[in-house]
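Read through the structure below, which is laid out as structure tokens, and then see the notes.
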Amino acid sequence: MDFNAPLPSQPGSGLVMSIGGVLPIKNLSQLHAEEKAQAQIANSRSYITNLAGHVKSRWSSMRDYKQQDVEPRLLSCLRQRRGEYDPEILAQIKQQGGSAIYLMLSSNKARAASSWIRDVMNDAGEGAIPYILRSTPVPELSPQFVQRAYQSIRQELAVAASVGINPSEDELEQYLIARKEVMVNELREHASRKAENMKRKMDDQMVEGGFLDEFHKFVDDLVTFPYAVFKGPIVKRRKALKWIEGMDGQYTIDLQDELAPTWERVDPFMIYWAKHSAQPDDGEMIERHRLSREDLSAMIGVEGYSDAAIRAVLDEYGAGGLHEWLWIDTEKADAEGRDADLENDSGLIDALQYWGSVQGKMLLDWGLDDGVVDDPLKDYPVEVWLVGDWVIKAVVNPEALGRKPYYKASYEEVPGAWLGNSPMDLIRDCQAVCNAAARALVNNMGIASGPQVWVNVDRLPQGEEITQMYPWKIWQFTSDMANNSAPPVDFFQPNSLASELMTIYERFHDLADNYSGIPRYLTGGESPGGAGRTASGMSMMMNNAGKAIKQVISNIDRHVIQPAVERLWMWNMRYSDDPDLKGDVKVVAKGANALVVKEAAAQRRNEMMQIALTNPMAQQIMGVEGVAALLREQAKTLDMNADRIVPSPEIAKARAMVAQAQAMIQQAQMAQQGMLMQPPPGQGGSPQAGPTTDSGQRLADGTPVTDTFSPMRTA
């Protein structure tokens, strides 16, 4: 059949004949028109209209607050990082004349701080994500696990009784306690393996979702602006290449659509919040997006979005874009050295993503049913996407605690405030004085670079050129009618103030080191004097400087890494079907800890290990338990499971006790079955030994397990 052939129909009727009647046919434009009409009807419902009005009202309030109090500061930080004067200051400099030099002191500090933070956060290795998943110390015993344990113990006791082993009450109690220790340890190891499986899964998701790339952008924002915002995980639809094995064993590439968690650095200029907020979860918040047609198309088919509304937006704004909210972008583009006109002609579509808590009564007034709102007086967290007048998404926040997927941190936190201080804020005055000293130095150097000349113009003949000087120039003068003895031409040398100006510059450069907590020697460009000339002195200075950056990294751990990783863990716990991933764990961000475990401490631990393993006297004093404890602590610093490498003394004793009891039962069974028999008389040889009193097990201190430690005895 030719699918391109025209269908048999009545000309101009829009009908096609079919079995049993006539079916209407519609072209693509008619279908689009009907779909848009349906979307307009849906978007004009009272609760959607009221919802859009509420978002616009909150947007107007947040926008006005940020435009007046925040955005000038953001622009100043951006210009300072790029080495540009604010427009009003540049106008004053040009009015005074002279040099407009700008020293890149702030940019150098920002680069050093960014590199320092990245080095510390990646202390565990190249590309490592600074967190660990740690199973809870006391795993919860499931009823199935307890029942299986009781059945196992009953079977062991039944077998022991059948071979004549009758333990006393004290021995039975000791055995049950040891058995419990072993089982709890096994459960703990099982939980630890689940945590390791979950971490591998999450590491893979973070790599594929661009966590590290976006996090590095977030760090650049952190050292530039009064705040930086990180976002995720956000589930997005994306294209993925999958290798599929065919029946013939050959692999082919299959292009598939998949929903995967991703992360984003949020532009500080694109985030808006309620005036009273100090963190994203404190109140309402709006993120302004600039979407391409591809971005909007990728939202079609994603749960929670209105496909009809998205198609209507593409139809209405797809050709020319939507720029009604780009009132700050021109200033930002100029500060970044981009052409603002090209930005406005990019065809991008602006969208508002609103996050906030709305009273249930308001949701009911907007038209939501009682199944969603069970208490009119309770607040419900909602997420709403608005493009122009189109609401393309309106859902109750599915996160169990109603938290937003945004995380905010500052280089220097200000308690109770959204805005903190960046290195640009901390050294702004020092940067201004250094710039002023540099401008004065350049101007003074230009003036003092050669002699200044004064000429008595009354004694110059008509047409004499006085704007140029060159060697062997012949000057012409007229006689002085007043018989003045002063020469017609004289020279003087302006004073050079370079030394004084350089002293001022160096002083305020040093103050910038102190205010920012980022010393110059971090970049390797300048070697400090005094204690810094020795390796131990430099190490001490680096450790002191690390105290300031440790607080910054602690802010990142507490406000960004830990909640972001916890949200990904909860997402996997909720939506993953793999039981080997799920378990009770605690997320630990370890960025700040990387500054604690430094090379000096590691070197001292290694020296202690060498003494413990090679010195007989130290081994005699410490004993096996002491060496084992030292090995356990060393394994912990390497992020290893210490219990797997060196078991604790309690676990070692419990294992030995259980193993000895089980060995005795097994030997008694073998003896009862005639497996261990004496040789016949006259055959020669020595009699075969009975059950040994040493099972070969050893306690943590090296003591052999014998009858003295036996929890059971043969009757």
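The values are calculated or read from the model by the stated rules, or taken from the named source; none is laboratory data. Nothing here was measured: the structure is a model prediction, and the numbers come from that model. Glycine also receives a Cβ, built like all others from the backbone with ideal geometry; neighbour counts cover every protein chain displayed. Each accessible area value is taken on the protein alone, full model and side chains, heavy atoms only, with ligands, DNA and RNA left out. Shrake-Rupley method; radii C 1.70, N 1.55, O 1.52, S 1.80 Å.
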> Considering every Cα-Cα pair within segment 394-457, what fraction, in whole percent, is farther apart than 12 Å?
Replying inline: 81 percent
> Tell me, what ³J(HN,Hα) does each residue in segment 624-629 have, in order and in whole Hz, if you take phi through Karplus 6.51 cos²θ - 1.76 cosθ + 1.60 with θ = phi - 60° and put x for Gly and Pro?
Replying inline: 5, 5, x, 5, 4, 4
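Rounded to the nearest 0.05, what FRET efficiency do V302 and D584 give with R0 = 22 Å and r taken as the Cβ-Cβ distance? Could you check?
Numbers: r = 31 Å, r/R0 = 1.41.
Once the sixth-power term is evaluated, E becomes 0.10.
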> Stretched out fully, how many nm does the piece from Q476 to Q619 gain, at 0.36 nm a residue minus the Cα gap?
Replying inline: 41.3 nm
> Which of G210, G246, F269 sits farthest toward the positive end of the charge dipole of segment 198-295, with +1 on the Cβ of Lys and Arg and -1 on the Cβ of Asp and Glu?
Replying inline: F269
>> Taking a ≥ b ≥ c as the square roots of the Cα gyration tensor eigenvalues, with a/c under 1.5 meaning rounded and otherwise prolate when a/b beats b/c, else oblate, which class fits segment 252-329?
In response: oblate
> Which cross-chain or sequence-distant (5 or more) residues have an amide H under 5 Å from the amide H of K586, H modelled 1.01 Å from N in plane?
Replying inline: R134, S135, T136
>> Using +1 at the C-beta of Lys and Arg and -1 at the C-beta of Asp and Glu, which of N495, Y470, Q431 has the Cα lying farthest in the positive direction of the dipole of segment 367-513?
In response: Y470
> Based on the Kirkwood radius over alpha-carbon pairs, what is the Stokes-Einstein translational diffusion coefficient of segment 425-524 at 20 °C with 1.002 mPa s viscosity, in µm²/s?
Replying inline: 121 µm²/s
> R0 = 51 Å: FRET efficiency of R632 with A161, Cβ-based, nearest 0.05?
Replying inline: 0.85
> Kirkwood-based Rg over Rh for segment 224-281 (C-alpha set), two decimals?
Replying inline: 1.31
> Given C-alpha coordinates of segment 198-249, what is the ratio Rg to Rh with the Kirkwood estimate of Rh?
Replying inline: 1.20
>> Explain nothing, just compute: Karplus ³J(HN,Hα) = 6.51 cos²θ - 1.76 cosθ + 1.60, θ = phi - 60°, for every residue of segment 375-380 in order, whole Hz, x for Gly and Pro.
In response: 9, x, 8, 8, 8, 10
> chymotrypsin sites (Phe, Trp or Tyr not before Pro), restricted to segment 460-496: which are DSSP loop and have at most 11 other Cβ atoms within 10 Å?
Replying inline: W472
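Sort segment 187-295 into rounded, prolate or oblate with this rule: let a ≥ b ≥ c be the square roots of the eigenvalues of the Cα gyration tensor; rounded if a/c is under 1.5, and if a/c is not under 1.5, prolate when a/b is larger than b/c, oblate otherwise.
Oblate shape, in that a/c is at least 1.5 and b/c is the bigger or equal ratio.
Per residue, what volume in Å³ does the Cα convex hull of segment 423-465 take up?
Taking the convex hull of the Cα positions in segment 423-465, it is 107 Å³ per residue.
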>> Starting from a Cα-only point model with no solvent, please compute log10 I(q)/I(0) by Debye for segment 54-113 at q = 0.19, 0.22 1/Å.
In response: -0.79, -0.89
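Where nothing but the Cβ of Lys and Arg (+1) and of Asp and Glu (-1) is charged, how large is the charge dipole of segment 271-336 around its Cα centre, in debye to the nearest 20?
80 debye
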> Within the accessible area of segment 371-517, what % is carbon and sulfur when the probe is 1.4 Å and the other protein chains stay in place?
Replying inline: 56 percent
